[in-house]
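Q: To start, I am sharing the structure in question, which I have written as structure tokens.
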Amino acid sequence: MAMIVFKASYLLIYPYLMEGEDEANHSSTIGILSIVVHFGHIAGAVLGGFALAYWPLERAFLLMAVGDVVQIIVCAYIIYSGLERPSIHTHPEQTIKTSPGIYALGILMLVFYFSEYQIVPFFVQYWQYIEPEHGVQLAAWVYAIPAGVGLIALWFNHSNRQSSFASNASFCLILGIAGLMLQGSGQANWVLLGRVLFGWASFQLTVRLDALIFEKSSPEAYAHDYSKINIFQNIGVLLSYYSAGWLVSLHGLSTPFWLAAAGLLLTLCIYPFINPEPKLANGRIADVLP
């Protein structure tokens, strides 16, 4: 708990970066940040698999500590090298109010993050159940497939300045539902295909929903509004972990995939009310969407 409290300040980097970006560049910046996070997921999955396979369990925590030391060094460099950019400040007597629509978007984020993280805690065990001869390290590579697909999705987004149907939020929600259902099938080949579909959908949806935060907010309220949204995101993650453990104990390792699919279906139903999208014209969206 103490670790979470002291590391919470890292969240400020997101609105801090957005304050210095034009609104037209928000989606591109969010995409790049998401890829950095995806690289972290890949490295974490591979190193974690290596640690669990060859080292005592407690050394995994030492790896986490090394990562924190690296972050401290990077932050110290930014602070003392003069690279920090002055943030947008309000007058002391000015009260920053929560932007309209932020709480509704927070509910959407809660449902989406609940669905996305529902399959995280037991995926390695699930893959080893499907393929008993595979070790933890190989299972970690399978776990990291969505992160690798995110790299392809970033390249696709940069190559298509006007977002195509493949990055449309509603389409990606349907794609994510299909990917989760395939992963819940228990067949190795279908699970691999499901990981690919889910990876594409997860990246595109994360970028789109994060962009919505800053579309509905204003530069002076970015940090204030993002902190509210992050509370909803973390509640969704916590609920997903608790429910995943409960479901697996009662109904088996494949159950979280079906609950996650139902959660994305609910997200698909809620999304048009939060952010109505323009109609497609000639296979492309009229307005530029991430």
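The values are calculated or read from the model by the stated rules, or taken from the named source; none is laboratory data. Just so it is clear, the structure is predicted and the values come from calculations on it, not from any experiment. Here Cβ is always computed from backbone atoms with ideal geometry, including for glycine, and neighbour counts include all displayed protein chains. Side chains included, ligands, DNA and RNA excluded: accessible areas come from the protein's heavy atoms. Shrake-Rupley method; radii C 1.70, N 1.55, O 1.52, S 1.80 Å.
Q: May I ask you to evaluate 6.51 cos²θ - 1.76 cosθ + 1.60, the Karplus curve with θ = phi - 60°, for each residue of segment 221-226 and list the ³J(HN,Hα) values in order in whole Hz, giving x for glycine and proline?
A: 10, 3, 5, 4, 6, 5
Q: Where the centre of each part is set by its Cα atoms, how far does segment 93-150 sit from segment 184-203, in angstrom?
A: With segment 93-150 and segment 184-203 each reduced to a Cα centre, they are spaced 13 Å.
Q: Roughly how many nanometres apart are two label points built 7 Å out from the Cα toward the Cβ at HIS251 and LEU62?
A: Placing both labels 7 Å beyond Cα along the Cβ direction yields 4.1 nm.
Q: Using the Karplus equation 6.51 cos²θ - 1.76 cosθ + 1.60 (θ = phi - 60°), what ³J(HN,Hα) coupling, rounded to whole Hz, does each residue of segment 129-143 give in order, writing x for Gly and Pro?
A: Values per residue, Gly and Pro as x: 5, 6, 10, x, 7, 7, x, 5, 5, 5, 4, 5, 5, 5, 4 Hz.
Q: Determine, for each peptide in 112-124, 235-247, the mean count of other beta carbons within 10 angstrom over its residues, then list the peptides with the highest first.
A: Ranking, from highest mean packing down: 112-124, 235-247.
Q: Continuing with the same structure: On alpha carbon coordinates alone, what is the Rg over Rh value for segment 111-159, Rh being the Kirkwood radius?
A: 1.10
Q: Using a 1.4 Å probe, what is the accessible area per residue for segment 185-254, in Å²?
A: It amounts to 41 Å² per residue over segment 185-254.
Q: Computed over the Cα atoms, what is the radius of gyration of segment 131-233 divided by 2.2 N^0.38 Å, N being its residue count?
A: Relative to the rule-of-thumb radius for its length, segment 131-233 sits at 1.28.
Q: Here is a follow-up. So what J values fall out for segment 149-160 if you push phi through Karplus, 6.51 cos²θ - 1.76 cosθ + 1.60 with θ = phi - 60°, rounded to Hz, Gly and Pro as x?
A: Listing the rounded values in order: 5, x, 5, 5, 5, 5, 4, 4, 5, 6, 7, 10 Hz.
Q: Further question: Rounded, prolate or oblate: pick one for segment 141-195, where a ≥ b ≥ c are the square roots of the eigenvalues of its C-alpha gyration tensor, a/c under 1.5 means rounded, and failing that, prolate if a/b is larger than b/c, else oblate.
A: Oblate, since a/c reaches 1.5 and b/c is not below a/b.
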